Ligand code: GAL
């Protein structure tokens, strides 16, 4: 079901149930929401005990009045189902709704997200209230979208979940012999005789059988998705509105590619730790997560939550410096979001989040710094309505695969003191950003869909530990057909059951790459090696590298050592400079078919990725570097594009402390918005100095529908 929007959503989570005794405050909220230029609120996320104070006693009138009142003032509603936290009566009467820890102990009532996704009672009770909400509000003109539960996550180890896990395994493997083989249970004599013997992994029991742990994680996603489906079915009883559920950052507990198949629109909650490190780096990390969220469904998403000022749960609660609030909202839009929303509209008086930032704080007036910035942001977003529904422009893909990450992080291997996976991703992401190359993050299943790789120019596989069946062949075809591939160390190591591939790694790609990984050395934190280039004009490139040093052998060496024959003679661009593997290849490029395949053997510092991507972008005319600037963009500048409705939109945003000068590439570009503060003057019709947190948005006509 498509979400139909005619403006960028600006608003946030609103909890009027905390203020029902204060009608004046509720009335004042409407005034303040309008002053803050909010056009939407999310209602009902944690309202269950006010909506159903006793079992079956629905009390929806208060909510109805608020929805009507908001709608009369032109404010729309995202309506949540309240399953993220439950009333006490429910847990007291039906203890099975509470989660069990991995040692089997039942949790006490309390906090939120403390419920079993399998429990038939919990499903029945949530479905009952969801149906009732759907009947009452599902056709209300104010209500635009269902918000199912809140930040689904966590695990339950109760007997019902254990049984469901065993049934899921039965379906997956059919016979226990197949399971034993696929799980490698002969190791340490852990062979099972029947599915009935299988228990979920536990730190008090089986916690070394990697394939079991991997399947448990897959099962948790499956079961959570099943619970999500049960809620979606319930709200759809009387309503045909689209649904979302709000996701969390790079949350490791659920495979978001699988979960997002259930929903119509992806939304997520972003709480970057601004001002902790460099804001340019924080913006990169946040930008990459936006790109991941957009890639889950390959279409516009929503920034569902963000803090209008500080959070109350980070180690130190930093206020957002002036103008950052608008910059963060705009960054979401620039990366493909059609909304910029906050947690929360009105700050609560008591309990856990009373000091969390809000649009309306305890003072309660409109004359606050935060309110002023929120209103300015709302005004800006109101001018950008034409961008709604347009698609982000990207030429590159980074592989991001939950199964592979789960397996890799659980494995005991060359570096148990930290693989620094996300750091590696960010090195690539930073280099792509500095080249002005738009990127999607996709899992293997998405990339293996027919036609998907054919649209990609550059595919990056950073530590792609697990290759599912057929992935290697898809990647090979991609390269042979003209694609550019960059693969790194610790890729193509295991199959989908975390069993090591035999016969050479990266599995299936040794011919494409022209190298085979022979061994991998773990480095202590205090160690490093160096990657050295060829000497040209008395100079040579050198890059420090850390953590892991893979030792690739090329065709020639391989023939000499094993007699095996590999095709292709890769160009060796960098070699190790130290240790017993000094002189072995560390960065190679192999021409294969009409494409090329790069192999990076170690985790180098950021410069290497920038130099590598710059060269690729220049040679293949990729991104802004390849087509316009010829040189890397300044650090901290993000340039992204969206296209559709006959236009191409370009966003320049500066997250560095220094001002940056940008020049529009041609007369066809028309400026549609810039920040209205600071000295960001147009130098001439096409050049502009953008201050920290400043921006420039422009558009040009394009053929794209
Ligand atoms: C989110 C959550 C909100 C609120 C917020 C505080 O993770 O969905 O309900 O707790 O964090 O930052």
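Each value in this text was obtained by applying a stated rule to the coordinates, not by laboratory testing. Please read these numbers as outputs of a predicted model, since none were measured by experiment. Cβ atoms come from the backbone with ideal geometry, glycine included; neighbour counts cover every protein chain shown.
Assorted remarks:
- FRET efficiency for the pair residue 537 and residue 139, taken as 1/(1 + (r/R0)^6) with r the Cβ-Cβ distance and R0 = 51 Å, rounds to 0.10.
- Length added when fully stretched, residue 57-residue 445, from 0.36 nm per residue minus Cα-Cα: 135.2 nm
- Two-site label geometry, residue 571 and residue 103: point separation in nm, points 7 Å out along Cα→Cβ: 6.0 nm
- Reported to the nearest whole Å, the Cα centre-to-centre distance from region 1-67 to region 465-514 is 50.
- The slack between residue 171 and residue 25, meaning 0.36 nm per residue of separation minus the straight C-alpha distance, is 47.1 nm.
- Judged by the gyration tensor of its Cα atoms, with axes a ≥ b ≥ c, region 183-282 is oblate; a/c meets the 1.5 cut and b/c is at least as large as a/b.
- Sorted ascending by nearby beta carbons within 10 Å, beginning with the fewest, 354, 258, 217 become 354, 258, 217.
- Per-residue ellipticity at 222 nm from helix content only, as computed over the chain with -39500 (n - 2.57) for each DSSP H run of at least four residues, stands at -9500 deg cm²/dmol.
- Per-pair calculated FRET efficiency, R0 = 22 Å: residue 631 and residue 686 via Cβ, rounded to 0.05: 0.80
- For region 310-358 and region 228-283, distance of Cα centres in Å: 17 Å
- Ordering 518, 295 from the fewest to the most neighbouring beta carbons within 10 Å gives 518, 295.
- Shape of region 497-544, Cα gyration tensor, a/c cut at 1.5: oblate
- For the chain, share of DSSP beta bridges that run antiparallel, in % to the nearest 5: 55 percent
- Order of 38, 435 - criterion: other Cβ atoms within 10 Å of each residue's Cβ, fewest first: 38, 435
- Extension gain for residue 271 to residue 363 (0.36 nm times residue separation, less C-alpha to C-alpha distance): 30.8 nm.
- Sequence-distant contacts, meaning Cα pairs under 8 Å at least 6 residues apart, place the relative contact order of region 315-424 at 21 percent.
- The residue 676 and residue 318 beta-carbon pair, evaluated with R₀ = 35 Å, returns a calculated FRET efficiency of approximately 0.90.
- Cα-based shape type of the chain, given that a ≥ b ≥ c are square roots of the gyration tensor eigenvalues and the cut on a/c is 1.5: oblate
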